[in-house]
1. Of the residues in segment 77-120, how many are of a type in the set (Ser, Thr, Tyr), touching a residue at least 40 places away in the same chain (Cβ under 8 Å) and either in contact with a Cys (Cβ under 7 Å, 6 or more places away or on another chain) or in a helix (DSSP H, G or I) (or both)?
2. Just checking, which of Leu27, Leu55, Leu12, Leu23 is at pLDDT 85 or above, assigned to a helix (DSSP H, G or I) and aliphatic (A, V, I, L, M)?
3. Name the residues in segment 79-133 that are at pLDDT below 80 and either open to solvent by less than 70 Å² (accessible area, probe 1.4 Å) or closer than 28 Å to Tyr47 by Cα (or both), would you?
Amino acid sequence: MFLRIAFSRPLLRAVPAVALFVLGVGLSGCADMSDTLSTAFADPAKYELYDCKQLEPERKNLAARAAELQGLMAKAQTGVGGPVVAELAYRNDYIAVRGQARLADEAWQRNKCHASIPAAPVVAAPAAPSPPPARGAHPPARSGGAVY
């Protein structure tokens, strides 16, 4: 029994060190992932059957989402432990959105799409003024002046 306890203490001391080493290797693998591999998180066939009318709002939505995630990552990095929070919470979504945007742009170019010209806003004509009341006509009664 004494030998068993003597061998288990060094082993128990080594477990946290091994766990930290494995965690470090795992996180360093994520840090080496660059944006060039960003299509790994996106479906390459998603935009194959999209036409230009479908691609245009999709590209705008993806650009807005990427900008939102980038802003959230920048905001998270300002706090204590922020870079870790930014990487864990937002980086995978950001990489996926960038990959989808790249695939949507490739489909846009493949379909030879052009941005649509936004329609001019319709300006309503000013309402014509109401004619003055006829002589002898009484103005409409208002409920605010009635006494009960």
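The values are calculated or read from the model by the stated rules, or taken from the named source; none is laboratory data. A quick note: this is a predicted structure, and the numbers were derived from the prediction, not measured. Heads up, the Cβs are rebuilt from the backbone with ideal geometry, glycines too, and the neighbour counts pull from every protein chain shown. Please note that ligands, DNA and RNA were not included when accessible areas were found on the heavy atoms of the full protein model with its side chains. Shrake-Rupley method; radii C 1.70, N 1.55, O 1.52, S 1.80 Å.
1. Going through segment 77-120 one residue at a time, the tally reaches 0.
2. Step by step, each of Leu27, Leu55, Leu12, Leu23 is checked, and only Leu55 is at pLDDT 85 or above, assigned to a helix (DSSP H, G or I) and aliphatic (A, V, I, L, M).
3. Within segment 79-133, Gly79, Ala115, Ser116, Ile117, Pro118, Ala119 qualify.
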